[in-house]
Amino acid sequence: MSDDANPRASAALAVQRVVHRGWQLPSTLERMLDGQSAENRRLINEMASGTVRWYWLLEHLLSTLLERPLRRKDQDLQCLLYVGLYQLEFMHKPQYATVSETVDATGALGKFWARGLVNAVLRKFLRIRAELDFEKFSDVCRFSHPGWMIKAIKRDWPECWQSILAANNQKPGMTLRVNINRTSVEEYLHVLQNAGIDANADTASPVAVKLCERTSVDRLPGFHEGIVSVQSTASQLAALSLDLAPGQRVLDACSAPGGKLLHIQEIAPELDEVVAVDIDKARAGQIVDNLTRAGQSATLVVADASDPDDWWDGRRFDRILIDAPCSALGVVSKHPDIKHHRKPADIDRVEEVQGKLLNALLPLLNRNGKLLYTTCSILARENDSQIGKLLHDHSEFTCEHLPSAIGQPTKYGRQRLQGKAGSDGFYYASITRR
Ligand SMILES: C[S@@+](CC[C@H](N)C(=O)[O-])C[C@H]1O[C@@H](n2cnc3c(N)ncnc32)[C@H](O)[C@@H]1O
């Protein structure tokens, strides 16, 4: 079928590609949404993202509704049924219209024979829904996360694991960082209001504006001129914690796509030099695009930051930011496909890279300099455990206090946990050389 023929069939195919073929959700959606009307784009986005997010619950529901499992070659149909169940459970649309539109989507999949089946399954769900008590479902089904992930989060956050999982299932918010060299938060809120976009300031960051609804960056006044960037409040708190001042030499060690790099230069336009390193050439290209949009420049290096012999000129840095590659378990609400793609072995792998980066870059710090280590993870082994090991091995370094507004205290740093409004989980630790 042509992918743009029917929004429900497009959403089903997007789910199939993400869940069964390992595609990334954003690039899958980009392909599916190309050429669709604005209304269809919104619909496909919501149905595909929501079905990927609630997959484990929907899988359980479907298994109780079907008399026998579908054949492997009908995986697309199975995904259409998940999309149908997602709409009925979460989208608050007229129920019988939803059933009939989902039945019609079988044609777009080339499976007219399945009209009766789809109709029967969705109608059966409507009949029995009132009898289903989701609270009695297993944790995997009711929180819709893989079992290993629930276990890891439960182990580190025994008191609030349920609220973390619930927050992961929220639709994500959208936050902007206002370039206060060009305008003010107050002025930009006014500009947004005139453009018909509802938004509020966010007290956690002095440069944050939270949109009431997600929107395309093309609709944001001044985005292409660098007046605002899309960046979560949690990410904004990284550059704000670096204690930047004119004349400093700064290393942004894991820089792409350059969100924090731009912010660093907005806060302190008169730095001596900012060296931006990233190992991934394609992602480093995004740094260039972002620098160009913001009218900024930096010394850009494509290299493995944990191998300074390969790229370092021997001059130490006053500030180092390691925004390390991580499991990203703090940003699941924004990237629900993480629940499908992340595996336990990935955590072992990033843990090793994080340790290497910290050990290799700490010696590049000037006396009285600061190294800020951040991750968008909520797992102790990627966060406090890394810092604990580092301080144990390097006695001339100590941990610094970070302001309480950043997040709750941990042994060495601060942790923000994902919140109800789809906000991100993030870890911060600041280390100084005596
Ligand atoms: C969390 S992202 C950084 C986000 C970025 N700081 C920002 O604010 O836009 C982690 C980055 O680390 C990079 N990376 C992973 N291993 C690296 C290494 N050994 N050396 C340098 N960069 C690395 C990845 O390519 C990725 O772009």
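Screening segment 293-316 for residues that are part of a helix (DSSP H, G or I) and within 12 Å of the ligand (Cβ to nearest atom) and picking the one that is nearest to the chain's Cα centre (by Cα) gives P308.
Please work out which residue is nearest to L33 (Cα to Cα), limiting yourself to segment 198-224 and to residues that are at pLDDT below 95 and acidic (D, E). Filtering segment 198-224 for residues that are at pLDDT below 95 and acidic (D, E), the one nearest to L33 (Cα to Cα) comes out as D218.
Screening R319 with (1) of a type in the set (K, R); (2) out of contact with any strand residue (DSSP E or B) (no Cβ under 9 Å at 6 or more places or on another chain); (3) within 15 Å of the ligand (Cβ to nearest atom) gives one miss only, at (2).
Residue-level analysis places L43 outside the set of residues that are among the hydrophobic types (A, V, I, L, M, F, W, C), in contact with a Ser or Thr (Cβ under 7 Å, 6 or more places away or on another chain) and in a helix (DSSP H, G or I).
Exactly one residue out of R71, R127, R123, R155 is in contact (Cβ under 8 Å) with a residue 12 or more places away in the chain and among the basic types (K, R): that is R123.
No other residue among S377, S404, S423 is surrounded by 23 or more Cβ atoms within 10 Å (Cβ to Cβ) and over 22 Å from I320 (Cβ atoms) apart from S423. Check whether at least one residue in segment 44-65 is farther than 28 Å from E135 by Cα, within 26 Å of the chain's Cα centre (by Cα) and either at pLDDT below 95 or surrounded by 23 or more Cβ atoms within 10 Å (Cβ to Cβ) (or both), and report yes or no. Yes, because at least one residue in segment 44-65 is farther than 28 Å from E135 by Cα, within 26 Å of the chain's Cα centre (by Cα) and either at pLDDT below 95 or surrounded by 23 or more Cβ atoms within 10 Å (Cβ to Cβ) (or both). Could you check segment 6-40 and list, in sequence order, the residues that are in a loop (DSSP other than H, G, I, E, B) and of a type in the set (S, T, Y)? S37 - this is the single residue of segment 6-40 that is in a loop (DSSP other than H, G, I, E, B) and of a type in the set (S, T, Y).
Would it be correct to say that K339 is part of a helix (DSSP H, G or I), within 8 Å of the ligand (Cβ to nearest atom), modelled with pLDDT of 95 or more and in the same structural domain as K356 (by TED's automatic domain parsing)? No. When the residues of segment 259-271 are filtered to those that are surrounded by fewer than 21 Cβ atoms within 10 Å (Cβ to Cβ) and free of Cβ contacts under 8 Å to residues at least 40 places away in the same chain, the one that is farthest from L321 (Cα to Cα) is E270. How many residues are at negative phi, part of a loop (DSSP other than H, G, I, E, B) and more than 19 Å from the chain's Cα centre (by Cα) when one looks only at segment 225-259? Total meeting the criteria: 9.
The values are calculated or read from the model by the stated rules, or taken from the named source; none is laboratory data. Just so we're clear, the structure is a prediction, and the values are computed from it rather than from any experiment. All Cβ positions, glycine included, derive from the backbone under ideal geometry; neighbour counts span all protein chains shown.
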